[in-house]
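A short worksheet on the structure shown next.
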Amino acid sequence: MILQIETATTSCSVALANNGKVLAFKEINARNIHAEVITVYIDELMAQTDSTYADLDAIAVSCGPGSYTGLRIGVSTAKGLCFALDKPLIAVPTLAAMAKGAVQNYTTDKDTLLCPMIDARRMEVYTAIYNAAGEVIKPVAAEIIDADSFSDILAENKVLFFGDGADKCRQALSHNPNATFLAGFENSAKHLTQIAADKFALADYEDVAYFEPYYLKDFIAGKKADS
């Protein structure tokens, strides 16, 4: 049984999965609410499923890239539970989990490539490209999007763009007939399930004492700081 935590974007989401199947989940999409609700949601989830913390076999967390503050809250919560319960920590790359969520929950052509995007302010996004099997076609990077972005890949492939960074990129990329956009996609702890289960089967765990989120870029404090 794995407790799964997703806080890399404005979505604050927790899910409980057993043998690769989601038993229950609880989530909200709102800014600056993660610290307030994350532990409450976990307690409610455990009660809802008549589970105890001792029943857990591991804690999985979406590890980035994404919001600096959101990632810090999610990883700190996961690490705290791992220390308190003496359970292993599983790190799930956020963009890879998003790609799994798109394949599992939306109708996509098996030949269409998947491009999850996380808003990084202005016209920059954190992104990567995967095929339907979850294999990396273009590695994780911070990209400033313009009309020429992904032109080499779009020349030969259909690409589905989604995530909170994709909406602002629609105008720049929609001129290409191979670019399509998935509206309404929200990050969810449910999307961590397959990767977390696979990593658990391989005992692919993190060092709880030293693990840090994958921020991708250094945090810069200011009036428009990511939160």
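The values are calculated or read from the model by the stated rules, or taken from the named source; none is laboratory data. What you see is a predicted model, and the numbers here were worked out from it, not measured in a lab. Here the Cβ is made from the backbone with ideal geometry for all residues, glycine too, and neighbour counts use every protein chain on show.
Points worth noting:
- Against the test of being within 15 Å of ILE118 (Cα to Cα), loosely packed, with under 12 Cβ neighbours inside 10 Å and either outside the structural domain of ALA60 (by TED's automatic domain parsing) or modelled with pLDDT under 95 (or both), the options ALA221, ALA209, ALA183 yield a single qualifying residue, ALA183.
- Taking segment 103-124 as the range and being crowded, with 23+ Cβ neighbours inside 10 Å and in a helix (DSSP H, G or I) as the test, no residue passes.
- Any chance THR127 is over 19 Å from GLU27 (Cβ atoms), assigned to a loop (DSSP other than H, G, I, E, B) and either in contact with a helix residue (DSSP H, G or I) (Cβ under 7 Å, 6 or more places away or on another chain) or free of Cβ contacts under 8 Å to residues at least 40 places away in the same chain (or both): no
- Residue check: ALA142 meets all listed conditions (1) assigned by TED's automatic domain parsing to the domain that holds CYS63; (2) at negative phi; (3) surrounded by fewer than 18 Cβ atoms within 10 Å (Cβ to Cβ) but one, namely (1).
- Any hit, segment 164-175, residues being touching a Lys or Arg at 6+ places or on another chain (Cβ under 6 Å), crowded, with 16+ Cβ neighbours inside 10 Å and outside any loop (DSSP other than H, G, I, E, B): no
- Selection status of ALA147, hydrophobic (A, V, I, L, M, F, W, C) and surrounded by fewer than 23 Cβ atoms within 10 Å (Cβ to Cβ): yes
- Among the candidates ALA120, ALA91, ALA99, the residue that is modelled with pLDDT under 95 and either touching a Pro at 6+ places or on another chain (Cβ under 9 Å) or of a type in the set (Lys, Arg) (or both) is uniquely ALA120.
- Counting residues in segment 23-32 that are farther than 16 Å from GLU206 by Cβ, touching a residue at least 24 places away in the same chain (Cβ under 8 Å) and assigned to a loop (DSSP other than H, G, I, E, B) gives one or more.
- Pairs linking a residue in segment 204-218 that is farther than 17 Å from LEU95 by Cα to a residue that is of a type in the set (Val, Ile, Thr), with Cβ atoms under 8 Å and 6 or more positions apart or on different chains, are ASP204/ILE90; TYR205/ILE90; GLU206/ILE90; PHE211/VAL75.
- Residue check, CYS169 farther than 30 Å from MET1 by Cα and touching a residue at least 40 places away in the same chain (Cβ under 8 Å): yes
- Restricting attention to segment 46-77, the residues that are in a helix (DSSP H, G or I) and crowded, with 24+ Cβ neighbours inside 10 Å total 4.
- Looking only at residues of segment 78-90 that are surrounded by fewer than 23 Cβ atoms within 10 Å (Cβ to Cβ) and small (Gly, Ala, Ser), we find that the one that is nearest to the chain's Cα centre (by Cα) is GLY80.
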